[in-house]
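Colleague: First the structure, then my questions, so here it is.
A short reminder: the numbers here are calculations on the coordinates, not readings from a lab. Because the structure is predicted, anything quoted here is derived from the model rather than measured. Because the Cβ atoms are built from the backbone with ideal geometry, glycine has one as well, and the counts that use them run over all protein chains shown.
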Amino acid sequence: MENIDHPLLHWIPYKLIEKDNDVYFEWIYLGDRKYTDPFFDETISKCKSHPYNSKVVRAVSTIENLLDWSKQLICIELKSLVFHVSRCGSTILSQSLVTSSGNIMISEAPLIDQILRTTVFDFKQKCVLVEAAIRLLGQKRFLEQKNLIIKLDAWHIFNVAQFRLIFPELPFMLLYREPSEVLKSHQKMIGMHMVPGLIPHSVFGFPSLNITEIGYKQYGALVLEKYFQAFLDFYATDQNVLMCNYNDGMQSVIERFISFVVIDYSTDEVSEMFERLKKHSKNQNAVFEGDFFSDEVLAIDLTQLKILYKKLSNNQISI
């Protein structure tokens, strides 16, 4: 059974719109473009030049449409959700996996985050909508596609219980890295979740914070502490989760992930994944020569982060 004759083939919802106390979903036409870019948003940007997407009139649907259509289209089997702490190899992981034509790799789709963070829906409605959105994003568009893997945003680890409720038997991956390397990477080019206020403090479970007293750099360390603690908490209670450390080497991470999700890749496919590791995660035409961080001290308190990192590395559960 295929989607070949369905009128929504190659159309996906990509944006949640809240207007006049109503919620709509905007759709975009992919054509023959696959999700091969480092981030989902990059693929969407390239698709906007297609004639179907360049019209003044936008393709918009209701919630009911979204739920109904998600049941009509055939979805690729979801193999895993990847949770990560950012700057920890998640992008090169996704770029390596996408070298296999059998994989659909969705990296940080904004629509999933928009559904999770809107205040319009309750917990149960969000579960239903997230599952429907994933089915539509992972629709079977090409014959060779058979594995769907989704890399979530870093802060989605705080929604991990919700994802487990939606996908009770799905393997989850947790990917992390030595904390000073993560923070130095953000000092070179800061991510939005490390900037106070860009993502509400409530997402991280912070009480009221005085950023002037804490300092911007220390704020990033506090965010990372929350990620590490959430990893430990989930790992302690769930039996279907793989914990991986970037510092063990990404080839080892890929080998463990493949074994964990039980996907039977050919030797050539695995070799291509390993070859991709030699290139820059965000530019496959540039050779990756390693991360270079200055010897400058971070000038922040890493005490708690180092304790949590050691527990992660040793797979220690108790606090």
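Colleague: Considering only DSSP beta bridges where both residues belong to the stretch 76-313, give the percentage that are antiparallel (nearest 5).
Modeller: Roughly 10 percent of the beta bridges in the stretch 76-313 run antiparallel, per DSSP.
Colleague: According to the Cα gyration tensor, what semi-axes, each the square root of 5 times an eigenvalue, does the equivalent ellipsoid of the chain have, listed from largest to smallest in whole Å?
Modeller: Calculated on Cα positions only, the semi-axes equal 32, 24, 19 Å.
Colleague: With r as the distance between the Cβ atoms of D20 and A286 and R0 = 35 Å, compute the FRET efficiency 1/(1 + (r/R0)^6) and round to 0.05.
Modeller: Given R0 = 35 Å and the Cβ-Cβ separation, E is 0.15.
Colleague: Quick one: if the Förster radius is 51 Å, what FRET efficiency do I258 and I214 give, using the C-beta to C-beta distance and rounding to 0.05?
Modeller: In this case the efficiency is close to 0.80.
Colleague: Moving to a separate point now. Would you mind computing, in nm to one decimal, how far apart the modelled labels at D68 and V120 are, each placed 7 Å from Cα along Cα→Cβ?
Modeller: About 1.8 nm, to one decimal.
Colleague: Specify which residue in the list S101, F204, A132 is farthest towards the positive end of the charge dipole of the chain, using unit charges on the beta carbon of Lys, Arg (+1) and Asp, Glu (-1), about the Cα centre.
Modeller: F204
Colleague: Computed on alpha carbon atoms, what radius of gyration and Dmax characterise the stretch 27-162, expressed in Å?
Modeller: Taking only Cα atoms of the stretch 27-162, I get Rg and Dmax of 14.9, 41 Å.
Colleague: To the nearest 0.05, how large is the calculated FRET efficiency for D32 and V57 if R₀ is 25 Å and r is the Cβ-Cβ distance?
Modeller: Efficiency at R0 = 25 Å is approximately 0.60.
Colleague: Here's another thing I want to ask about it. Which length gain, in nm to one decimal place, applies between K146 and L170 when the Cα-Cα distance is subtracted from 0.36 nm times their residue separation?
Modeller: That works out to 7.1 nm of additional length.
Colleague: Give me the percent relative contact order of the stretch 76-313, please, defined on Cα pairs under 8 angstrom at least 6 residues apart.
Modeller: Here the relative contact order equals 29 percent.
Colleague: Test of the criteria: in the stretch 1-62, which trypsin sites (Lys or Arg not before Pro) are in a DSSP loop and have at most 14 other Cβ atoms within 10 angstrom of their Cβ?
Modeller: Of the trypsin sites (Lys or Arg not before Pro), the ones in loops of the stretch 1-62 whose Cβ has at most 14 other Cβ atoms within 10 Å are K48, K55, R58.
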